[in-house]
Amino acid sequence: MQADPLLTTSRTGWRWAVLGGLLGALIALAIFAPARWLASALDSATEGRLRLVNPRGTVWNGSSSVIFASGATGNTSIALPGNLQWELRPRWGGAVAILHLPCCAQQPLRVDMRRAAGGTELWWQDGRSRWPAAMLTGFGAPWNTLKPEGSLDIATQGFAMRFEGPMLRFAGRAALEATDISSSLSTLRPMGSYRLTLDGGANSSFLLTTREGSLQLSGSGRWDGTALRFNGEASAAPGREDALSNLLNIIGRRDGARSLITLG
């Protein structure tokens with residue numbers, strides 16, 4: 001008995017219609033994926049340390065408030081002034097993110113995300129941005145004790161971050177200028193201005209210097225891909241010992257007039 005050709009054609013057409021409908025639904029879902037999906041993924045990836053609050057729009061074009069927090073179980077957080085607006089553009093082997101942050105960057109920040117052998121690379125477009133030092137409070141200890149105030153200027157040059165499983169590598173250079181820094185632990189306002197530079201490589205190096213101020217900071221360190229090893233010291237300028245004594249007791253191990261800072 002032969003199959004009815006009209007019935008066979010009808011079934012084939014119905015299958016193609018279902019397949020086309022599913023494909024269209026998937027494309028629409030991808031295009032109009034809500035911004036809250038990105039917020040949830042970022043919250044999970046950073047363990048609650050970076051949060052997009054009240055997200056609006058889609059994964060590809062959206063806006064939200066930004067909060068830095070000390071983690072999912074932490075009780076310290078701080079919000080950046082204003083809103084973040086983002087544009088996310090997929091491309092072969094990665095994506096490009098353009099971040100509009102009127103509070104902290106005059107020009108949009110651009111990040112190229114690329115797949116690499118064994119991991120992912122984030123390449124930051126050369127530029128400058130300024131952030132409130134108070135945002136560090138949101139990261140928990142020791143910043144929530146120090147409660148810093150002032151401004152943080154960040155400049156990047158050929159800067160990239162490469163994630164390889166648990167490993168994080170740096171390339172290029174990033175420089176942080178901390179200006180007119182003060183703390184709730186000292187009556188001196190400001191205590192000083194500082195510079196921290198990061199030079200990427202197989203063993204990335206850090207250098208901390210004092211530009212000016214009553215609190216003198218210096219030190220150097222290395223990042224080996226999984227851990228930071230840093231050795232430095234803090235001291236008070238002549239005549240400022242009493243005003244900075246409490247702070248020096250907290251930020252490191254006292255050795256006479258100095259406070260030794262050791263990480264890793």
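The values are calculated or read from the model by the stated rules, or taken from the named source; none is laboratory data. For clarity, every value in this text was computed on a predicted model and none was experimentally measured. We place every Cβ from the backbone using ideal geometry, glycine too, and count neighbours over all the protein chains shown. Just the protein is used for accessible areas: all its heavy atoms, side chains included, with ligands, DNA and RNA removed. Shrake-Rupley method; radii C 1.70, N 1.55, O 1.52, S 1.80 Å.
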Query - Scan of the stretch 142-163 for residues that are over 17 Å from the mean Cα position of the chain (by Cα) and modelled with pLDDT under 85, ordered by number - result: Pro142, Asn144, Thr145
**Report entry** Selected residue (criterion: surrounded by the most Cβ atoms within 10 Å (Cβ to Cβ)) from residues of the stretch 142-194 that are among the β-branched types (Val, Ile, Thr) and within 25 Å of Gly252 (Cβ to Cβ)
**Finding:** Ile181
Query raised in the report: In the stretch 241-264, which residues are without any contact (Cβ under 8 Å) to a residue 40 or more places away in the chain and touching an Asp or Glu at 6+ places or on another chain (Cβ under 9 Å)?
Result: Leu248, Gly252, Asp255, Ala257, Arg258, Ser259, Leu260
Report task. Would you kindly identify the strands (runs of 3 or more DSSP E) lying entirely within the stretch 185-264 that contain at least 3 residues that are modelled with pLDDT of 90 or more and touching a Phe, Trp or Tyr at 6+ places or on another chain (Cβ under 7 Å)? Result -> 192-201, 204-213, 215-223
**Report entry** Some residue of the stretch 124-131 being open to solvent by less than 60 Å² (accessible area, probe 1.4 Å), aromatic (Phe, Trp, Tyr) and in contact with a helix residue (DSSP H, G or I) (Cβ under 9 Å, 6 or more places away or on another chain)
**Finding:** no
Query raised in the report: Can you find even one residue in the stretch 77-93 that is touching a residue at least 60 places away in the same chain (Cβ under 8 Å) and either under 25 Å from Phe139 (Cβ atoms) or of a type in the set (Phe, Trp, Tyr) (or both)?
Result: yes
Query raised in the report: Of all residues in the stretch 132-141, which are surrounded by 14 or more Cβ atoms within 10 Å (Cβ to Cβ) and not in a strand (DSSP E or B)?
Result: Ala133, Ala134, Met135, Leu136, Thr137, Gly138, Phe139, Gly140
Report summary line: In the stretch 205-264, residues that are of a type in the set (Val, Ile, Thr) and more than 23 Å from Ala141 (Cβ to Cβ) total 2
Query - Scope the stretch 37-96; condition polar (S, T, N, Q) and open to solvent by 60 Å² or more (accessible area, probe 1.4 Å); matching residues - result: Ser40, Ser44, Asn54, Asn61, Thr73, Asn75, Ser77, Asn83, Gln85
